[in-house]
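Below: the structure, in structure tokens.
All of the numbers you see were taken from the coordinates with simple rules; none came from a lab. The structure presented is a predicted model; accordingly, all values stated were derived computationally and were not measured. Neighbour counts run over all protein chains shown; Cβ positions are idealised from the backbone, glycine included.
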Amino acid sequence: MRNAPGLVGRDTELAQFDVWLRDAASGSGRAVLVEGEPGIGKSSLAHAAVAAAVEQGFSVYWAECDELAQPLPLQPLMYSFLTREAAEPRLETIQQLVRGELTDAADPIMAAAEQMLALINELCSTTPTVLVVDDLQWADTSTISVWDWLARLVDRTALLLIGTLRPVPQRDELTALRRAVRAHNMVRLEGLPNDAVRDLIARISDHAPTPGLLQLANEAAGNPLYVTELIDALTRSDRLQVTDSGTVDVIIAGPVPQSLIAAISDRLDFLSNNARNTLQAAALLGVDFQVDDLAVVLGRRVPELVPVINEARAAGVLKDMGDKFSFRHPLIRQVLYDDIAAPLRPAWHRDAARALAEAGAPIQRVERQLLQAFSVPNPYPFDESLLTWTVNAAPVLVAQAPRTAIVLFRQAIKQVPASTASGGVLACRLAEALYRAGEAEEAVHIATRAMAVVTDPDLLVDLHWTAAQSRAHLGRADEALEALDEAHQLAEMSPRQRARLLVMTARAHRDLGETTAASDVAVKALAAAEEAGDTWALGWSLHVLIMVATMRGEVAATLPLFDRALDVIGDDPELNDLGLLMQINKAIVLGELDRYDEALTTATRVRQLADRTGSLVRLAQAQSALGQLLFYVGRWDDAQAEVETLPDDFKDPAATCCDRGIAALIAFHRGDTATARQNLQLAAASAEQIGNRVVAPLALAHSLDRETHNDPEQALAVLRTWLGSDAEDLSELEDLLPEAARLAAHIGAADVATDTAAQAATLARRSSVPHRLGTAAYCRGLLEQDPLLLQHAADRYRDAGRPLLRARALEAAAIGFAERDEKDAARKALARAGDLYDRLTANWDLDHLRAHLRRLGIKRGPRSKHRQAQTGWESLTPAEQKVALLVAEGMSNRQIAEQLVLSTRTIDTHVSHILPKLQVKNRIGIAHKAAEQTRDGS
């Protein structure tokens, strides 16, 4: 990489970036952090890397973070893509989520972050990309989360991710970023050596410096910006002279700037008083500012500011940034801001907020001024206009950044009691913001206190909704029920409000496992909702009835309820989130009925809808459901790709437990115990959050963990922790029954085997779907040691489309036939079980089976072709082969995702699996090789 103009002394770093760019171009990306003090050259180094990337055909995006914009989520990234004209429907969705316009998203900012991840992923899938996030120390937490997620998965993409940051301020999020990129990807810039300082001065002044000038420059400690500002200040004050020998020297007479701040102040001294005063107002707005906002704050027209702006540009204080202006360096803005008397700053910020609010400026710009106004111990109070603005903007403030909204609401609520109209709204929104920010305990406190004085029925219902959700989150649904019982006694409730309270009550009963009470109240809520014509309450009532029926094992009875609920929801935008939840649950129910084609289609469709609407919570749940369905039908590679698509930070605890359980199960069955146990560790915190709630894949994985430790008794004990629950909840435990029966038979626990067989028979009587019939036959066959009954179970599992359970039943049948000395029947069952394990690549199960049968004198024979071919094209799964062939046809990852009805992240995961198997770095080359081998009949 050529040394960039003005960049000296960084040859080693530039050479390293050159290597990283080549790697990214070949599909092996990297995340890099450039750290150093202000002015050390972090941004200049990143600009040099960007210039080289542009020459090599990379797409480049540059995001700049601003100290005053920290409360505004994802702003740096959004602006970077807008300025590069990367606008598309997904980017518009991100903007709508951040502005709070998509009210159906459970957590708009998290949803916007996920959409941002998807956008960057799609851009990288078409063209090698460089994304720079400058000044990460000022980034909002959402931007840092996106950067962190990209850093953890960047090696799978054609992305060079660069972040620049200062050593201070120290933030926990930045410490996590440093850990994520690791030491070998950290570029720590120190001061330039003397030779480099000499070269820098020569480049600035066109002459080599004398020893005297170098000695003065040494006070800059090798900081390039400091050196540059110092030389510029000396030049402006005519303090430099060219000697007869052609070198440049400093004239000693008069004061010499002794610090960078002094040098910057010297630069500002050349401005007129009018320009300096105007720039101080601009400093209130941040490093970057809109000229319209500056005019509003100063109460002047834009044309009046033109001469001042031009003067500041000519002096090198401001630079153009397209649709806005920026201080040439943050420290210039800091000097101007610090010159404002400290007592005046919060008052000026408050006045600026009022002026911007009255001018109709975007909420984010008003909010950042208010936050600065109230950042001091004893701030000036809100006036009437700012209180009105805060009340009106409250829903958007909560949706965009609940933690910063909390700061404003706390300050505003000091001036207006909750018993007033404005105070009631603020208390209601404060409770909601606290719940969204994870402060459930305080949310309950604020909501409960407000309920005592708020009289508006709609606000009361909202307060109860927030309190009920918070209590459920805290595992105190019983308290929510008590509060809701009191709320039903309110005299002034409208039919609509009463219907909604009934819905909350039904949900509380359901959270407590009181299915009968939940059903009774949900029926009342349904009737009240129909009478009131409230589709919201109608939809949620049906949702509770569906959940109750599922808990009771009446799975087939839920399908008419789903159809009715989805018809009620229709295209109502307020019910989009409920519609997504309904479709996710319907996919799960269809899977429980062994209608897997319909289930997979439904889960795939709802995942795409959740992705498109920006609902991160529902997207995570849809992908979790899809991963579980794919696991059941034996598409383990696809299942693993789905559950690994989103990081755990974006999932609710139950989804994390399910996904990590699926990933651990696949790894255990394939003999990769290290990966399996890593997934169990990653699930631990989420499992603690959900308490006693059973998540079958995770429970099965923990049991298998003990079995792989040669401790079958403890493996069974893990499952017995959950079994033996009330029959009303038995359907939630049915996936545990086959494994419990197998382990009980293995260790001779006859009592457990008998109980398990009885539970399986109960489920089969309730719903005669194939896998339940198979489980009943399997458990009974193990109890009675009847290989014919076990073969019957295998046939039912085949009808259900569950290959792992079918293989388990055939394995047990083979053992049973072998113990009866019916070797031909044993070999046939063994061959079919082995083929199924082969297709799943269930190496642990296959080795376990062989060892068991070897002791009985039964051998399977030669390994199958599938087992023999574990390198090259033959080692790829059918899904991976399909992806490779489509890439060979010139399709992008996004086009492949659309054709195969999968997410682009899933396709990227497949590609990352293909790379090491064929030992070729270029994806297109792999696909061509695959196509060639296929044509040749390989």
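Could you put 442, 114 in order, starting from the residue whose Cβ has the fewest other Cβ atoms within 10 Å?
The order, fewest Cβ neighbours first, is 442, 114.
Modelled spin-label separation between residue 574 and residue 512, with each label point placed 7 Å from Cα along the Cα-to-Cβ direction: 2.9 nm. Using only Cα atoms, find the angle between the long axis of helix 495-511 and the longest principal axis of the chain, and express it within 0 to 90 degrees, rounded to the nearest 10. On a 0 to 90 degree scale, this one is about 70.
Distance between the 7 Å Cα→Cβ label points at residue 54 and residue 492: 6.4 nm. The charge dipole of the chain, taken about its Cα centre with unit charges on the Cβ of Lys, Arg, Asp and Glu (plus for the first two, minus for the last two), comes to roughly 2300 debye.
Take the Cα of residue 375, step 7 Å along the line toward its Cβ, and report every residue of region 396-434 whose backbone nitrogen sits under 18 Å from that point. Residues 401-412 qualify, since their backbone N sits under 18 Å from the label point. Our analysis of region 552-646 gives Rg over Rh at 0.97, with the two radii drawn from alpha carbon positions and Rh computed by the Kirkwood formula. Counting Cα-Cα pairs of region 652-710 in 5 Å increments starting at 0 gives whole-percent bin shares of 4, 24, 35, 22, 11, 4, 0. With both labels modelled 7 Å from their Cα along Cα-to-Cβ, the residue 597 to residue 761 distance reads 3.5 nm.
In plain terms, if you count all Cα to Cα distances in region 11-188 and split them into 10 Å steps from zero, the share in each step is 10, 41, 37, 12, 1, 0 percent.
Maximal additional length on extending the residue 456-residue 854 stretch stands at 135.7 nm, based on 0.36 nm per residue less the C-alpha distance.
What does DSSP give for the chain in terms of the percent of beta bridges that are antiparallel, rounded to the nearest 5?
In the chain, DSSP labels about 30 percent of beta bridges as antiparallel.
Mind checking the full-extension length gain between residue 244 and residue 23? Use 0.36 nm per residue of separation minus the Cα-Cα distance, one decimal, nm. Walk me through the numbers before you get to the answer.
Details: separation 221, 0.36 × 221 = 79.56 nm, distance 5.02 nm.
Between residue 244 and residue 23, full extension yields 74.5 nm more.
Once divided by 2.2 N^0.38 Å, the Cα radius of gyration of the chain becomes 1.11.
Helix 904-918 axis versus longest C-alpha principal axis of the chain: approximately 80°, rounded to the nearest ten.
Relative to the longest principal axis of the Cα atoms of the chain, the long axis of helix 803-819 lies at roughly 40 degrees. Ordering 492, 713, 311 by the number of other Cβ atoms within 10 Å of each residue's own Cβ, fewest first, gives 492, 713, 311.
Could you put 767, 541 in order, starting from the residue whose Cβ has the fewest other Cβ atoms within 10 Å? Please list the in-between numbers first.
Values: 767 18, 541 29.
Lowest to highest Cβ neighbour count: 767, 541.
The gain in end-to-end length when the residue 567 to residue 341 segment is fully stretched comes to 75.1 nm, 0.36 nm per residue minus the alpha carbon separation.
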